[in-house]
Amino acid sequence: MDFKHHFSHHKPVLLKESIKNLITDKNGIYVDATFGGGGHSYAILKKLNKGATLIALDQDKESIKRNFIKDKRFHLFHNNFIHIRDILNKNRIEKVSGILADLGISSLQIDNPTRGFSNQFNCILDMRMNQESSYSAQNVLNECSKKELFHIFHEYGEFKNAKKIAEKILKKRFKKNITTTLDLISLFIIKGSFKKRKRFLARLFQSIRIKVNNEINIFKNLLLESSKMILPGGRIAVISYHSIEDRIAKYFFKKGILINKMNFEILPFRMIHKKVIKPTLKEIINNPRSRSARLRIAEKVNKK
Ligand SMILES: C[S@@+](CC[C@H](N)C(=O)[O-])C[C@H]1O[C@@H](n2cnc3c(N)ncnc32)[C@H](O)[C@@H]1O
């Protein structure tokens with residue numbers, strides 16, 4: 001199998017750093033919650049012994065179709081990781097040695113001109129990771145209330161002018177539904193540099209995508225489930241691409257806080273690195289999409 005050929009579409013990010021720290025038992029059961037192009041799964045399998053197991057999930061059927069890994073130890077499911085416990089239980093697994101979550105979208109998704117994830121192509125506003133879902137970016141832009149839109153742009157896009165952005169959308173859709181990426185982009189005239197415009201659009205698209213796929217709530221659920229499913233001494237590795245998710249992971253691992261309150265009597269995890277792990281300059285040059293990646297690894301400490 002030509003490893004490089006398969007990853008020409010999605011280069012796995014922080015690969016060595018995440019795998020090296022994730023595996024504590026070479027015979028254990030592991031979960032790759034976000035299979036994508038399979039880069040991390042492939043590397044995990046390379047490190048594991050014969051008797052080990054790797055369960056991988058992705059909610060995008062394109063990612064599943066492109067799977068190239070044929071290995072008896074490997075089991076891939078087309079599903080959302082919100083159902084992780086059900087999937088494991090159905091496979092008679094109660095506890096695992098480690099979970100990896102490489103959040104967000106893959107290059108396979110963003111570079112597809114029909115999926116609506118990128119502001120570089122004019123197409124229908126879709127942004128669903130799961131093609132079977134009935135809720136797309138069109139629903140967000142044409143149906144969410146002003147308050148909901150404000151929340152999306154304020155919380156997920158971290159825009160100071162979230163109210164103004166929401167108002168522009170409401171004004172436009174009053175006349176005609178917003179259906180394409182161009183409809184959306186043409187609402188905004190961003191003064192200033194090319195870089196500023198690029199950043200604005202990236203954040204705008206990202207915030208809508210987070211809402212479409214309910215990414216924050218589902219990620220919080222994964223953290224909570226992980227605290228129940230990982231064996232003491234086992235680990236969780238989270239790679240995030242924006243500060244909201246990184247902050248959630250950090251507070252959860254350090255303080256056990258998920259939704260403004262301490263969720264546990266005893267902290268379930270301890271961080272194995274004091275500082276967040278970032279890609280090296282070499283990795284960023286080789287793969288510019290890795291630049292915003294942040295890796296946090298935590299170890300399960302208590303038995304509950
Ligand atoms: C950044 S990519 C993962 C790339 C992968 N680690 C690799 O090296 O090729 C994220 C993937 O996770 C999937 N994903 C995101 N959220 C998910 C969820 N809640 N459930 C299942 N899959 C999800 C996306 O569809 C996407 O394919």
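Here are some notes:
- Condition check for GLU62: open to solvent by 60 Å² or more (accessible area, probe 1.4 Å), within 16 Å of the ligand (Cβ to nearest atom) and touching a helix residue (DSSP H, G or I) at 6+ places or on another chain (Cβ under 9 Å): yes
- Residue pairs meeting the criteria (Cβ under 9 Å; at least 6 apart or on separate chains; first assigned by TED's automatic domain parsing to the domain that holds LYS163, in the range 182-204; second acidic (Asp, Glu)): ARG203/GLU158
Quick grid of which residues meet (1) out of contact with any Phe, Trp or Tyr (no Cβ under 8 Å at 6 or more places or on another chain); (2) open to solvent by less than 10 Å² (accessible area, probe 1.4 Å); (3) touching a residue at least 24 places away in the same chain (Cβ under 8 Å); (4) not assigned by TED's automatic domain parsing to the domain that holds PRO12:
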residue	(1), (2), (3), (4)
LYS176	yes, no, no, yes
ASN221	yes, no, yes, no
ILE230	yes, yes, yes, no
ALA237	yes, yes, yes, no
PHE253	no, yes, yes, no
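- Breaking point among (1) farther than 23 Å from SER97 by Cα; (2) in contact with a Ser or Thr (Cβ under 6 Å, 6 or more places away or on another chain), for ILE236: (1)
- Selected residue [within 9 Å of the ligand (Cβ to nearest atom), within 21 Å of LYS278 (Cα to Cα), modelled with pLDDT of 95 or more and touching a Pro at 6+ places or on another chain (Cβ under 8 Å)] from ALA43, ALA33: ALA43
- Wholly within the range 209-304, helices (runs of 4 or more DSSP H) carrying at least 3 residues that are modelled with pLDDT of 95 or more and under 13 Å from the mean Cα position of the chain (by Cα): 215-229, 243-255
Matching residues to (1) modelled with pLDDT of 95 or more; (2) aliphatic (A, V, I, L, M); (3) surrounded by 18 or more Cβ atoms within 10 Å (Cβ to Cβ):
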site: LEU14; (1), (2), (3): yes, yes, yes
site: GLY28; (1), (2), (3): yes, no, yes
site: GLY38; (1), (2), (3): yes, no, yes
site: LYS47; (1), (2), (3): yes, no, no
site: ILE69; (1), (2), (3): yes, yes, no
site: ILE93; (1), (2), (3): yes, yes, no
site: ASP102; (1), (2), (3): yes, no, yes
site: ILE105; (1), (2), (3): yes, yes, yes
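- When ASN67, ASN21, ASN89, ASN49 are checked against the criterion of being assigned by TED's automatic domain parsing to the domain that holds PHE269 and in contact with a Gly (Cβ under 7 Å, 6 or more places away or on another chain), ASN67 stands alone in meeting it.
- Here the condition is being of a type outside the set (Gly, Ala, Ser), more than 16 Å from the ligand (Cβ to nearest atom) and surrounded by 15 or more Cβ atoms within 10 Å (Cβ to Cβ); of ILE152, ILE87, it holds for ILE152 alone.
- Number of positions in the range 239-248 that are open to solvent by less than 20 Å² (accessible area, probe 1.4 Å) and acidic (Asp, Glu): 1
The values are calculated or read from the model by the stated rules, or taken from the named source; none is laboratory data. From a predicted model like this one, the values you see are computed outputs, not experimental measurements. Quick reminder, even Gly has a Cβ in these numbers, built from the backbone with ideal geometry, and neighbours come from all protein chains shown. Ligands, DNA and RNA are stripped out before the accessible areas are found, and what is left, the full protein with its side chains, is counted by its heavy atoms. Shrake-Rupley method; radii C 1.70, N 1.55, O 1.52, S 1.80 Å.
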